[in-house]
1. Relative to the longest principal axis of the C-alpha atoms of the chain, give the angle of the C-alpha long axis of helix 75-88, reported between 0 and 90° and rounded to the nearest 10°.
2. With everything on Cα atoms, drop me the angle between helix 324-337 and the longest principal axis of the chain, reported from 0 to 90° to the nearest 10.
3. Rounded, prolate or oblate: which fits region 111-166, taking a ≥ b ≥ c as square roots of the Cα gyration tensor eigenvalues, rounded meaning a/c under 1.5, else prolate when a/b beats b/c?
4. Could you give the size of the charge dipole of region 6-131 about its Cα centre, using +1 on the Cβ of each K and R and -1 on the Cβ of each D and E, expressed in debye and rounded to the nearest 20?
5. What is the count of Lys pairs in the chain whose alpha carbons sit under 24 Å apart, if the two are 8 or more places apart or on different chains?
6. Among Gly46, Val242, Leu85, whose Cα sits farthest toward the positive end of the charge dipole of the chain (+1 at Cβ of Lys/Arg, -1 at Cβ of Asp/Glu, about the Cα centre)?
7. Check the cysteines of the chain one by one and keep only those with no other cysteine Cβ under 4.7 Å from their own.
8. In whole percent, what relative contact order does region 183-293 give with Cα contacts below 8 Å and a gap of six or more residues?
Amino acid sequence: MIATGAGAVRLPIPGLAEVGYLTNETVFNLTTRPPRLAVVGGGPAGAELAQAFRRLGSDVTLLEKADHILGFEDTDAAAVLEDELERDGVRVEVGCHVDRVEFQKGDKVIHFSCGKKPALRVDEILVTAGRVANTDGLGLEAAGVNYSQEGVTVNESLQTSNPRVYAAGDVCLAWKFTHAAEAAAQLAVQNALFPVRRRLSALTIPRCIYTDPEVAHVGISSHQVRAREGQVVTYTHHLRDVDRAVTDGKEIGFVRIHTRKGSDEILGATIVAAHAGEMISELTLAMGAHLGLRKLATVVHPYPTYADALRRVALQHTVSRVTPLVRRLLRFWFKLTG
């Protein structure tokens, strides 16, 4: 079993290696708070750590090369989180290209092409530009195991090109999450030792970004929804209409569920909420068990909770199924029985 994980991507920015930088692995070795911190990369780790260090008191600037942070997430979710980061005091610069880094008078100076100040003086630089599979030095060629820049190549059973060798976790998965690695390891061990095979694509893997609010997702992405225009129906319920969220002063966010057109089948969902990571599991279970929105609408949730927003989204689907003919029949029935 190959389970060597992944490490931080090394960016070929002139001067970066000489000046020195932190990654999502080494940042936790800090024993003092950097007064000024630059975070290069606006993905999940970049957003989480930028907000965390700002709340610890650091002056934080987040630099992202795309036109918004969290490029793989729902664009509305990304916009909510970007606003919250800025409300916390994080300076967010998007559309940035870091040109070079150098030392100047004891400061680490980042030169980049965006914003009003194209140079930034900081005490520490945190690079969160993704992760790359750890395949160097394993002798995979000698074992007949195929791999690429994306990692070890596996089939649906997590079997490599050498049928006696399996792989699991970040070294072979596109989902680089601890819970995905554990689920894949269980699947690989079962497939290696027993005749009944389980397929990787059968797993329903959620993810969560642990910011405030949290951003959780499962299933198809917003990009896939756009690609399937006309085939997907989307339902959204905002937290400003959820009593628990209003009571807690956490009404920024929403629950969004995508369904197959003409069906209540759940294809994917995004939740932006204080406890989104806890809420997404209910939808993950529904997808894995092939339970649709009609079933979700019948689940009784305790009041007041954030999770009641899931039921309210499901009720939107129920209401949408009431056609003009059904409305006429209902009016006739109530008139007849009234």
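Every number in this text was worked out from the coordinates using simple rules, so none of it is lab data. Worth saying up front: this structure is predicted, and the values here are computed from it rather than measured. When we count neighbours, we look across all protein chains shown, and the Cβ atoms used for this are built from the backbone with ideal geometry, even at glycine.
1. 60 degrees
2. Helix 324-337 sits roughly 40 degrees off the main axis of the chain.
3. The shape class here is prolate.
4. So the dipole magnitude of region 6-131 works out to roughly 560 debye.
5. Going through the chain pair by pair, I get 9.
6. So the residue we want is Val242.
7. That list is Cys172, Cys208.
8. 27 percent
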